[in-house]
1. So is Thr379 surrounded by fewer than 19 Cβ atoms within 10 Å (Cβ to Cβ), outside the structural domain of Asp204 (by TED's automatic domain parsing) and among the polar types (S, T, N, Q) or not?
2. Give me the pairs, please: first residue somewhere in segment 196-223 and without any contact (Cβ under 8 Å) to a residue 40 or more places away in the chain and closer than 18 Å to Val154 by Cα, second residue anywhere and not basic (Lys, Arg) and not in a loop (DSSP other than H, G, I, E, B), beta-carbon distance under 6 Å, and either six or more positions apart or on two chains.
3. Which condition number does Gly35 fail, the rest of (1) in the same structural domain as Gly133 (by TED's automatic domain parsing); (2) in contact with a Ser or Thr (Cβ under 9 Å, 6 or more places away or on another chain) being met?
4. Within the set of pairs 6+ apart or on separate chains, which have a first residue in segment 411-430 that is within 30 Å of Leu195 (Cα to Cα), a second that is of a type in the set (Lys, Arg) and in a helix (DSSP H, G or I), and C-beta atoms under 7 Å apart?
5. Which residue, of Leu309, Leu326, is of a type in the set (A, V, I, L, M, F, W, C) and in contact with a helix residue (DSSP H, G or I) (Cβ under 6 Å, 6 or more places away or on another chain)?
6. Can you tell me which residue is surrounded by the fewest Cβ atoms within 10 Å (Cβ to Cβ) among those in segment 269-316 that are assigned to a loop (DSSP other than H, G, I, E, B) and in contact with a strand residue (DSSP E or B) (Cβ under 6 Å, 6 or more places away or on another chain)?
7. Residues in segment 131-138: is at least one outside any helix (DSSP H, G or I), touching a residue at least 60 places away in the same chain (Cβ under 8 Å), closer than 16 Å to Gly181 by Cα and touching a Ser or Thr at 6+ places or on another chain (Cβ under 7 Å)?
Amino acid sequence: MNNSETARSIFEKTLRFVDPEKSLPGILNFDEQSGLLNIQNQKFEIKERPVYLIGTGKASHTMAKAVEEILAEKIVDGLVISPNQEADISGKVRVMQGTHPLPDQKSVDASRELINFTKSIPDQSVVINLVSGGTSSLFCLPAEPLTVDEIREVYKLLIESGATIHQINTVRKPLSQVKGGRFLSYLNHTTLIDLIISDIPDDDLTMVGSGPSIAQKVSPVDAISELKKLEIFDSVPSGVRDFLEKESEAEKKKPDLFITKDFKDHHTFLIASAGEMAKKAGEIAEEFNLNTIIHKEPWSGPIEDLERLIIKSVNTHLNTDKKTALIFFGEPTVHVTGDGLGGRNQELALRMAFRLQNLDSKNNVVFLSAGTDGIDGPTDAAGAVVDTNTIEKATEKGLDAGSYLEENDSYHFFEKAGGHIKTGPTGNNLMDLQVALIIPK
């Protein structure tokens, strides 16, 4: 196995470990005889109560499949919204398709169906709500009188602006009928149990999927502030600007109306996070006899800053006599200025390819960046892997790597140069994983 294959293997084995179908049985336990549902040492009596399953996000269908296998006949009915058209749960849970990263009418139709479904759930039922990254686009019900086309344009501007996920979701929440805890009003007649997979750097549950079932402040004032900081307020559709300005005036007069309310019989569990994923990646790297160093904090910020952080760490360990793995995780932001195709992982890998070619070392260095959802931007790749020779080999093929980077066209670069990582949609979403290997010759 060469060094690039080792990096790929670390990523692929990590994906298998964090697969909800494999991890949920260790988190969720149902004793049929006693009727007790045990979640992270908290017990719920469900023996005589109907159980309904709902979910939104990239992992919703895999989570639902796992929960259904655990609870079996206890589940009366269920509905989840997934981006995966091929998703199939062979039991009582229906799968509706939404779109990601930009919502369209499919997301709206699926969201309305989910709202109608929750309204039909009988009082005192137990509802297990499965939430994961991607929910913000998949579970999309625009605040009236906004249209999904206007919402879609705002999402696109935010993504291309280089905004952080906190900035993006701060803007998304007041534009929605369900985000920011507003979904709770449809569920307060039930015992609600949230099972959440976090793709947010600090695991702020108000931000995972824009927090549809997490009570919080939803601020149009803050949304306008963030849009202005990003210098895109004047670019959003006029109907959105008018809506936010009107709502901001209302918030200033009656701020309490913009704080969503929780209810007593609501329980929330964080069942997986990127930090746990990175820790497991480190353990897997050690199985390859690699001295492993995990960057403890998840990354959130401009891609240029993450690039500098990684290369600084590589340089620190560059002349080691030990085989070394450096593990990073998070989601950098990319300010898109070109007309190419790619995603943040492929762009980071291409940036690092330039960095690696200039290293003053005889050691071999490999770098991988890939998304745990298997989808990097609007492409069929999860990410890419590069090494110290990637740029030189691309040049020999007649490829000008610099021009691809200028156009934010990393996808077509790796399509021609090689290095793509393609897993297909994984049914999970735990942020991105970066692995740098330093191997003495």
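The values are calculated or read from the model by the stated rules, or taken from the named source; none is laboratory data. Keep in mind that this is a model prediction, so the values were computed, not measured. Cβ placement follows ideal geometry from the backbone for every residue including glycine, while neighbour counts extend to all protein chains displayed.
1. Against the criterion (surrounded by fewer than 19 Cβ atoms within 10 Å (Cβ to Cβ), outside the structural domain of Asp204 (by TED's automatic domain parsing) and among the polar types (S, T, N, Q)), Thr379 does not qualify.
2. Val221/Ser248; Val221/Glu251
3. All conditions are met except number (2).
4. Here the result reads Ile421/Arg8, each pair linking segment 411-430 to a residue that is of a type in the set (Lys, Arg) and in a helix (DSSP H, G or I).
5. Step by step, each of Leu309, Leu326 is checked, and only Leu326 is of a type in the set (A, V, I, L, M, F, W, C) and in contact with a helix residue (DSSP H, G or I) (Cβ under 6 Å, 6 or more places away or on another chain).
6. His295
7. The answer is yes; a qualifying residue exists.
Here's the yes/no breakdown for (1) farther than 30 Å from Ile438 by Cα; (2) touching a strand residue (DSSP E or B) at 6+ places or on another chain (Cβ under 8 Å):
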residue: Glu5; (1), (2): no, no
residue: Glu12; (1), (2): no, no
residue: Leu15; (1), (2): no, no
residue: Glu32; (1), (2): yes, no
residue: Leu36; (1), (2): yes, yes
residue: Gln40; (1), (2): yes, yes
residue: Glu45; (1), (2): yes, yes
